[in-house]
1. Report yes if some residue within region 359-375 is at pLDDT 95 or above, touching a helix residue (DSSP H, G or I) at 6+ places or on another chain (Cβ under 7 Å) and under 21 Å from residue 480 (Cα atoms); otherwise report no.
2. Name the single residue that is surrounded by the most Cβ atoms within 10 Å (Cβ to Cβ) among those in region 87-99 being more than 30 Å from the chain's Cα centre (by Cα) and closer than 15 Å to residue 59 by Cα.
3. Could you tell me which numbered condition residue 255 fails, if it satisfies all but one of (1) touching a residue at least 24 places away in the same chain (Cβ under 8 Å); (2) more than 15 Å from residue 292 (Cα to Cα); (3) buried (at least 21 other Cβ atoms within 10 Å of the Cβ)?
4. Can you pull out the residues in region 508-553 that are farther than 20 Å from residue 384 by Cβ and either loosely packed, with under 14 Cβ neighbours inside 10 Å or in contact with a strand residue (DSSP E or B) (Cβ under 6 Å, 6 or more places away or on another chain) (or both)?
5. With the condition being under 17 Å from the mean Cα position of the chain (by Cα) and either modelled with pLDDT of 95 or more or under 22 Å from residue 347 (Cα atoms) (or both), I'd like the helices (runs of 4 or more DSSP H) fully within region 233-324 carrying at least 3 qualifying residues.
6. Starting from region 158-187, take each residue that is on the phi < 0 side of the Ramachandran plot and without any contact (Cβ under 8 Å) to a residue 60 or more places away in the chain and list its partners that are assigned to a loop (DSSP other than H, G, I, E, B) and surrounded by fewer than 18 Cβ atoms within 10 Å (Cβ to Cβ), counting only C-beta distances under 8 angstrom and pairs at least six apart or across chains.
7. Starting from region 452-465, keep only residues that are modelled with pLDDT under 95, then list their pairs with residues that are outside any loop (DSSP other than H, G, I, E, B) and surrounded by 15 or more Cβ atoms within 10 Å (Cβ to Cβ) whose Cβ atoms are within a distance under 6 Å, requiring at least 6 positions of separation or different chains.
């Protein structure tokens, strides 16, 4: 068979992409003739007869609808560095498996390798004309054009490509996505609406409509998802988006209910169970979190180490330290160091500071980052033991060894503040800000220190306001801003900020600050209530005890 496109050299990076995983063995139900044909294709590949091999792979893939065979065709073409056959094979894989990230990435890279949007458009026109399943290809146009940066030109190309196919909703969907990416929100919304009119209840179009709303009327997104799910209770993708939206608005219980519903709609899918576990963990419903994470494991969640780590956190929440250590001990791969550091902290709680620090010393760091994390946890153990001078000395030695670590500089500044070395703390924090100007906590720490330990209140407020700009939803930073307003005598503004912070995070230090401002504002019963609630959960918190002693409510 003659090649349908001239052979061209492929970008070398595609080789690794195409052979990233092994080919699945043929399933038992595949006809014997297909298996024989597959073996012929393999032999043709080994001989270098790419045309015959690809023709065989394509025929088998179309007959069996097996994405593994189509993937093998992609691999063979990429190994041969043949542009046309690779594009054909990737298009076939996309037709059989519309979710194939391999197919999308290869087509996008091949089109970008042309270096010319008009040529890429012509190539896609040819693929659309001969594709038996144009819908899959239309749905992927935004991905296939993803490496072209001129989104207005991509919109124009997409409009032209889809013109012959406007009788199918996928064409309008493709136009809508291209318009959204080009910042043309009105036509994007119109195309999403048209897609839904042509195919009522289509979840992809509904999500596109919500994405447009996020740009034009973000306050309406949640209600839109809720309305769609109410009308289409079996929807999975939109319900998942609704759950995420609720979680982002801190409506955790409502979000959890959506993922519970998804568990029923998708039995055997571990993702909803994992989401339920994470939400329960945030809600401090540790028993429910444990049960949900175990369901995710039973359903073969793709990253068991992440589940083990979460199960350890849930066990900590239940005060079952032995179980927590056992779960952390099962963690592997990227989360291994994090789990080991958690074990060290639990060993300290069980057996004392010396045992915890000894456990830390036995951890074998794999990278410089690991070494720095071990030092940070060692410092945390010393801080928890109120060994402020030893913490400072240890971190000073660490800063000499790793002078470019902003994390260690930040930690040393916090230790310096505790032993009233305010000059060191300020120098360190200003170095951190210079090294990492987007690090909100450095601005916050310096601003709070100045507000608490000096009369430089205007400077402190400026620093904290910069922290708020960088992290507007951080309750601890809002607490700092409320506190500096209080120190400046702005009681009303301080109260508003501290109440907002406490609503987001019922932390004992925030409770101490809020109670003091309530007391000064004459709301003494409310102050007592805040302190009493916080004290019940944190009976030994120093700042909380100090403020209660100060006012003796």
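1. no
2. For region 87-99, the residue satisfying everything is 89.
3. (2)
4. Across region 508-553, the qualifying residues are 522, 525, 532, 536, 549, 550, 552.
5. Qualifying helices (runs of 4 or more DSSP H): 237-248, 270-282, 304-317.
6. That search, which allows pairs on different chains as well, returns 169/199; 172/166.
7. Taking only residues 6 or more apart or on different chains, the pairs are 453/422.
Yes or no, residue by residue, for (1) at pLDDT 90 or above; (2) more than 28 Å from the chain's Cα centre (by Cα):
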site	(1), (2)
119	no, yes
125	no, yes
134	no, yes
148	no, no
176	yes, no
188	yes, no
196	yes, yes
202	yes, no
210	yes, no
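The values are calculated or read from the model by the stated rules, or taken from the named source; none is laboratory data. Quick caveat, the model's predicted, so the values are computed rather than measured. Cβ atoms come from the backbone with ideal geometry, glycine included; neighbour counts cover every protein chain shown.
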